[in-house]
Amino acid sequence: MAAARWLLFKALGAVFVLWAVTTLIFFGIRMIPGDPAEAILGGPGSQASAEALAQVRADYGLDEPLLVQYFMQLGRLLQGDLGDSYSMQVPVSSLLAEQLPPTLVLAFLALVLAWVVALALASWSMLSGRGAAVISSGLEIAGAAVPHFWLATVLIVVFSVNLGWLPPVNTGGVDGLVLPVVTLALPLAGFLGQVMRESMLNAATSPFALSARFRGETERGVLFRHSLRHAAIPGIALSGWAFGSLISGAVVVETIFARPGLGRTLLRAVTDRDIPLVTGVALVAALAYVVVMALSDIAERLADPRVAKR
Amino acid sequence: MTLLDSTRSRIRNRGAHNGNRRVGAVEFIAAAVALFLLAAALFPSWLAPYQPLAINPADAFQAPSPDHWFGTDESGRDIYSRVIFGARESLLIGAAATAIGVGLALVLGALAGLGGRLLDFGVGRLLEVLFALPGLLLALVFIAIAGPGVVTTTVAVGLSTAPGYARIIRGQIIQVRSSAMVEAAVVLGRSRAQVLRRHLLPNALAPVFVIGTLGVGQAVVWAASLSFLGLGEPPPAAEWGAMLSAGRTYLTTAWWMTFFPGLFIVLTAAASTVLGRGLQRRAVS
Amino acid sequence: MPILPRSLSARFSTAVAAAAATALLASGCSPAEPETSQSPVSGGHLVYATGDAEPTCLDPHVGGNYPQALVSTQYLEPLVSLNKEGEIIPWLATDWKESKDGLSWTITVRDDVHFTDGVKLNAKAVQANIEHLKDPATGSSTGYLALEKVTGTEIVDEDTIRINLSEPDSALLESLSQPWLAIQSPKALKRSKEKNCQSPVGTGPFKVADWDKQNSITLVRNEDYNSPPADAAHQGPAYLEKITWRFIPDSASRYAALQSGEVDVIDNVQPDTINAARDNESIEHLNAPRPGASNRIELNSGKPPFNDPLVREAFVHSANVNAAISSLFFDTAERSYSPLSSVEELGYSAPDLFTYNPEKANKLLDKAGWDQRDEQGYRVKNGKRLSLKFPVSTNQSIPAEISLFEQIQATAKKVGFDVNLELMDLSSWYGALAANEYNLVSAPYTKVGPDVLRILYHSDGIKPAPSGYFANLSQLDDPKLDKLLTEAGRETDPKRRAELYEKAQKIILNGYYILPLYDQQNHFLHRSNVEGFRALPTVSTPTFYDTWLSQ
């Protein structure tokens, strides 16, 4: 019963989030100077004739008052119609269907790799003494302070140009995925690692860990039975955020590695003032976030029963 | 020192931390770096041998040498001088953006964590909305509306990082609120304000320190990414992110153009993290 | 390897030479064979990586920008082309004739060409294309502007069409040679806009097989191809079986992909990359400057402070362009002193006007009343600083060019100009121009022939189009110049036309309305096994019809 209520609650919350995102994007984009009718007619600088502009405005309902346009768009969205992209002249839904999978794969692999690297570093530093702690902490800080675009270029120069091990751009195969995934994962691993280490440290010095030690448990036992679980809580809470940040990172990574995907679509849609496409990408990102959040909520409840009590 | 204390400090030591009040070598170095950065930000002309914008095309792409410690860029500008002069702008962007982000987050997080159910619900939904939008999308749209510049970049970065901070703060407050310590205090009849001041805030703020100090470096990195997308500081600003993105073009032929600004971003992040943790330990104990 | 042949007879002689060389090889005596000894191999798959934006529509009639021209050159063909001397040569059209009054042109097209959907090329097909370009629903801008003087068409016979004009147009054939006015199957044009954008149908050596958005376009050989332009090196279908047209926006990745052999040809090559590639033996360089205008900085004479010619002259002398070009472009770009590209036969240069001379600049500014300086060293007049807004589009200006602007900013500062560079995306940039929020701007303009001057400097170009766009960015408003440009646009006598354009360019240069920089850069790098690759002399788009892959 409680679970059903919780689910309903989450579902309502998700609908609210999607509505709010649509609204924010709609008005946000309309605040950007520039005429959507031009965006439809081949973008800025196209010397579209007055007739063409008028025709497009009528076709797309751009001559209606803004509020009417807003409700028109909401109405279409309710029917599951994302509309046609202004710049590409094809249904947004078909563009998203093409562009979403590559980004999902990229972000998911990067998230997994980031978790593995972060956990490994944090555990290593907990178990192997001061030197390991300084090194891993330094690595984490450096990792978190490296911009994706720089890391990507360095990786290409080293692994593609100099060593020739991996292709510098998307090949459609698995080998082309390695560098982009690593580029996305390392800065995130640095960030996650620092947060996890802090929680691990707190857990390791918490009364129950101490009492476990007094009971004669080994350090390894304390780490795996208590600290790891506690370290995981903020890590899990951050995963939703991390997923969003990966989509932001995908903008840069997909551009440099010439991969198709949501990130590049987003950048292009904003520069082209392509409202339907921006809305579509934002909705997909929001939906992905809602799903990841629900999953991480469940994981958090399992890891720490106290959270469930609220 | 009690047995418990000694055990704690033993374990803490393993986690690269020194005893609570002693200043360790790592912290000392971090403080020195921070002082140097601060000096660079406040009095750049004391430290830099050249003007940051003085071009000299004949001297372009010089590798590091006694004349130009960090080499020169594509216009023959001295990179060491640019990095020094860039400290003010970069640190300001980093600090201001983090302050905006953390400040917003504190208000939202505290409202959610301490207010009634309804307030928590409202703030929670608002955060979710902000969260659900990829940070870069927020930044891109904001910059497109307001036009590029220092202030826009700073606000854009602050806005897009705020939800992350807020969520952590809210989670932390909830966790602390339901802890045995706070429950005990409530049972003992402490007032709301007392509980808030003595227990909730110090404990809830602890991770914020770490994340906030990390955030300075992160914010500089964000600004750099915006530069990469052509939306950062307008040239010829010596801001580190802009330098990093401008130098990327010449990565294979002039590594020093990106290495040194990048090094300073990492140094800033490292120094502020180490110091932040030190401060936090003192605040908690 | 001889320069590519330009006429049928030349093509014949190459064929003979190649045959002779092969014979030599066969007879076993081959002392230091030249490269031509290898005869073209049919087959193979070439990967082209472009740094230009991915087109939103593969039909260049819609909108009409350079990225569309790049790819559509492979599958669509215009009526005529140009040879290296800038003379019109036959392509889909075999014959053309201007009426005595200049108010109509009669054009005959080939009678043996079919579109790849089986429809036959004829006068009616050309008519359908002109109507398509002029239809507001198409949303054409480049093609639409090029056909501005066209009032209508008449079918004379199966293969002959008459194009009627409102006034004589000496640039009509040059306009028709551009890829934005290429001829498509009339049957295909009748499909929905969405369909036609996905897979336009033309007569070209390749056809669009697939478009994987944000990744690549697949082009496959047109096996029935029979319509190469008159300057092509061979006849019949193309050698290459397939071209993968990839979009790799990042220039460093693009070069890395070429180095690793992932791709065979890249465009939009940055100066430092060309420089780096000089040492790489498996990579070759092709420079094909674009026609039309040179890359230049326009000085907005429509508002202060550049409404004062003295200030314009002072700015031009305060900019140390040559030093910047040599350090930033590694000798890959040559300084221009003309409003027109170096490939334009009628370009006129005035190097003496554009010297770096800070002393002269200082004197001019003093004379113009900007004789005070504020504490930062900037010139002041009536309490106002000599500030200049310079919006820069990051989509159009490469990093080296932005650095060049920074150096100009630095040298101009010494004289007392406060130049503010503002980097922005394309939409915001056009917005700033439409709002007249600029004093300096660099805007490329590609068009075949000197008629580009009319578009850029006739006072009609100050009036904004309905979209807010206007082409005359220096806001040059001179009735004398207008008259010259209009006359030149009608003049069909080559000698007289050249005179008129020279006079017009002198007015533009002597008035210091522009600061010419260099040609519109258009560099390609390719693996050295890519043979017979060239750019069309029209708008310098690459063509792979004669291209083949050696071992």
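The values are calculated or read from the model by the stated rules, or taken from the named source; none is laboratory data. Here the structure is a predicted model, which is why all the values come from computation and not from measurement. With ideal geometry, Cβ positions are generated from the backbone for all residues, glycine too; neighbour counts draw on all protein chains shown. In case anyone asks, the SASA skips ligands and DNA or RNA and just uses the protein heavy atoms, side chains included. Shrake-Rupley method; radii C 1.70, N 1.55, O 1.52, S 1.80 Å.
A few remarks follow.
- The modelled label-to-label distance for the pair C:N529/C:K97, using points 7 Å beyond Cα in the direction of Cβ, is 5.2 nm.
- 1.4 Å probe, heavy atoms, protein only - residues of the stretch C:255-274 losing at least 10 Å² accessible area vs chain alone: C:A256, C:A257, C:Q259, C:S260, C:E262, C:D272
- Charged neighbours of C:K384, selected by a Cβ distance under 12 Å, balance to +1 (K, R count +1; D, E count -1).
- Cα→Cβ-extended label distance, 7 Å offset, between C:E375 and B:A32, nm: 3.7 nm
- Nitroxide proxy distance, nm - points 7 Å out along Cα→Cβ at C:E502 and C:V156: 3.4 nm
- Buried area at the A:B interface is about 5700 square angstrom, summed over both chains, from accessible surfaces computed with a 1.4 angstrom probe.
- Local electrostatic count at A:I156 - Lys and Arg +1, Asp and Glu -1, tallied over other residues with Cβ under 15 Å: -1
- Crossing angle, helix A:92-127 versus chain A [Cα axis fit, 0-90 degrees, rounded to tens]: 20 degrees
- Positive minus negative residues near C:S175 (Lys, Arg vs Asp, Glu; Cβ under 10 Å): -2
- Between helix A:175-204 and chain A: long-axis angle, C-alpha atoms, 0 to 90°, nearest 10: 50 degrees
- Computed with a 1.4 Å probe over protein heavy atoms only, the accessible surface of the stretch A:2-78 comes to 52 Å² per residue.
- Candidate lysines for bridging to C:K134, where Cα separation is under 24 Å - those fewer than 8 sequence places away on the same chain excluded: C:K97, C:K120, C:K124, C:K149, C:K187, C:K190, C:K193, C:K195, C:K447, C:K463
- Those lysines that a straight Cα-Cα span of less than 22 Å connects to C:K414, excepting residues fewer than 8 apart in one chain: C:K360, C:K363, C:K367, C:K381, C:K384, C:K389
- In degrees, nearest ten, helix C:309-318 long axis to first principal axis of chain C (Cα): 70 degrees
- Kyte-Doolittle mean at least -1.0 and Cα axial length at least 15 Å: DSSP H helices in chain B: B:25-42, B:79-114, B:117-132, B:135-146, B:150-177, B:201-228, B:256-284
- Residues in the stretch A:264-304 occluded by at least 40 Å² - accessible area, probe radius 1.4 Å, against chain by itself: A:R264, A:L266, A:L267, A:R268, A:V270, A:T271, A:R273, A:Y289
- Solvent-accessible area, 1.4 Å probe, carbon plus sulfur percent, for the protein assembly as shown: 60 percent
- Partner chain coverage, peptide C:418-427 - average Cβ within 10 angstrom: 6
- Of all DSSP beta bridges in the stretch C:295-518, antiparallel share, percent nearest 5: 65 percent
- Take the stretch A:92-309 with all the other protein chains still there, run a 1.4 Å probe, and you get 33 Å² of accessible area per residue.
- Computed over chain A with a Gaussian network model linking Cα atoms closer than 10 Å, the most mobile of A:L41, A:L106, A:L192 is A:L41.
- Rounded Å value of the spacing that divides the Cα centres of the stretch A:155-229 and the stretch C:210-286: 41 Å
- Computing FRET efficiency as 1/(1 + (r/R0)^6) for A:R229 and A:F71, where r is the C-beta to C-beta distance and R0 is 35 Å, gives about 0.10.
- For chain B, built as a Gaussian network whose Cα springs stay under 10 Å, the top-fluctuating residue of B:V155, B:V220, B:V176: B:V176
- Computed FRET value (nearest 0.05) for C:D212 with B:R125, which takes r as the C-beta separation and R₀ as 35 Å: 0.35
- Ignoring the sites themselves, chain B has its longest run without trypsin sites (Lys or Arg not before Pro) in a DSSP loop having at most 10 other Cβ atoms within 10 Å at B:23-285.
- Rolling a 1.4 angstrom probe over the protein heavy atoms with all chains in place gives the stretch B:79-195 an accessible area of 38 Å² per residue.
- For the stretch C:460-483, residues shielded by at least 40 square angstrom of accessible area compared with the chain on its own, probe 1.4 Å: C:P466, C:S467, C:Y469
- Total accessible surface hidden between A and C, rounded to 100 Å², 1.4 Å probe: 3300 Å²
- Relative contact order of the stretch A:106-242: 32 percent, from C-alpha pairs under 8 Å at least 6 residues apart in sequence.
- Estimated FRET transfer efficiency when R0 is 35 angstrom, pair C:K483-A:D59 (beta carbons, to 0.05): 0.30
- All aspartates and glutamates inside 16 Å of C:K100 as judged from Cα atoms, apart from same-chain residues fewer than 8 positions distant: C:E167, C:D169, C:E491, C:D493
- Helix-only [θ]222 nm of the protein assembly as shown, DSSP H runs n ≥ 4, -39500 (n - 2.57) each, per residue, nearest 500: -17000 deg cm²/dmol
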